[in-house]
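What follows is a short report on a single structure.
Rule-based calculations on the coordinates, nothing more; no lab input. This structure is a prediction, so every number in the text was calculated from the model and none was measured. Virtual Cβ from ideal backbone geometry, glycine too; neighbours counted across all protein chains shown.
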């Protein structure tokens with residue numbers, strides 16, 4: 001199997017104990033990838049750090065790229081959950097503006113508090129199949145945003161709203177990654193400009209002023 005063949009699991013964990021073991025393996029793998037990089041993270045090193053046997057890891061993951069694939073998807077699911085919780089039930093322009101701000105700031109907080117977010121994305125950038133997966137995850141999240149605001153955006157945005165939603169999530173993601181490289185004051189400018197000006201303008205909504 002090549003590194004570009006990236007099944008999430010060789011075997012789906014059925015029992016809760018097995019699911020817990022897989023989550024533990026993933027947690028430890030994320031820490032190792034952030035600390036050592038994907039190239040230096042071997043399956044044997046992961047087994048030692050996670051205090052599980054090597055066959056236990058291979059029971060679920062055929063290679064470390066499959067682990068990275070699963071980590072990337074797990075990260076994307078957390079982001080989609082935040083978006084859904086923030087903008088999943090908006091009924092007005094003000095609701096949408098407030099919800100996007102909550103989602104953006106929650107994402108920014110998570111990115112700052114959990115270094116594995118940045119580490120996983122950096123590692124995935126070296127694997128073409130995972131770059132494509134990241135794009136598809138972004139498109140899916142953008143579709144969620146589009147559905148949430150479909151009834152309140154102007155007609156000229158509604159026609160292409162799926163693409164605009166995709167663009168908004170991509171811009172928000174890039175802004176968070178940029179902000180993570182900046183001093184706090186500059187990072188705040190980036191996040192505030194995105195939430196108050198750029199995202200509303202892209203969706204044809206008024207700028208956030210409160």
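Counted over the range 83-136 with a bin width of 5 Å, the fraction of Cα pairs per bin, in whole percents, is 4, 19, 17, 16, 17, 14, 9, 4, 0. Axis of helix 115-124 versus longest Cα principal axis of the chain: the two differ by about 80°, to the nearest ten degrees.
Rounded to the nearest 10 degrees, the inclination of helix 128-149 to the longest alpha-carbon principal axis of the chain is 40 degrees. The stretch between residue 129 and residue 85, if pulled fully straight at 0.36 nm per residue, gains 12.9 nm over its current Cα-Cα span.
Eigenvalues of the alpha-carbon gyration tensor of the range 71-202, scaled by 5 and square-rooted, set the equivalent ellipsoid semi-axes at 24, 18, 13 angstrom, largest first.
Taking other C-beta atoms within 10 Å as the exposure proxy, 192, 138 rank 192, 138 from fewest upward.
Between the Cα long axis of helix 16-36 and the first principal axis of the chain there is an angle of about 80°, rounded to the nearest 10. The alpha carbons of the range 16-65 stretch over 29, 18, 16 Å along the principal axes, in descending order. When you count the other C-beta atoms within 10 angstrom of each residue and take the mean per peptide, 17-30, 93-106 line up highest first as 93-106, 17-30.
Place a point 7 Å from Cα of residue 210 in the direction of its Cβ. Which residues in the range 170-198 have their backbone N less than 20 Å from it? Answer for the range 170-198: 192-198.
Panel order for 137, 39, 210, by other beta carbons found within 10 Å of each beta carbon, from fewest to most: 210, 39, 137.
Three semi-axes describe the equivalent ellipsoid of the range 153-210; taken as square roots of 5 times the Cα gyration tensor eigenvalues and ordered largest first, they are 24, 14, 4 Å. Remark: relative contact order (the range 71-202) = 29 percent; criterion is Cα-Cα distance under 8 angstrom and separation of 6 or more residues.
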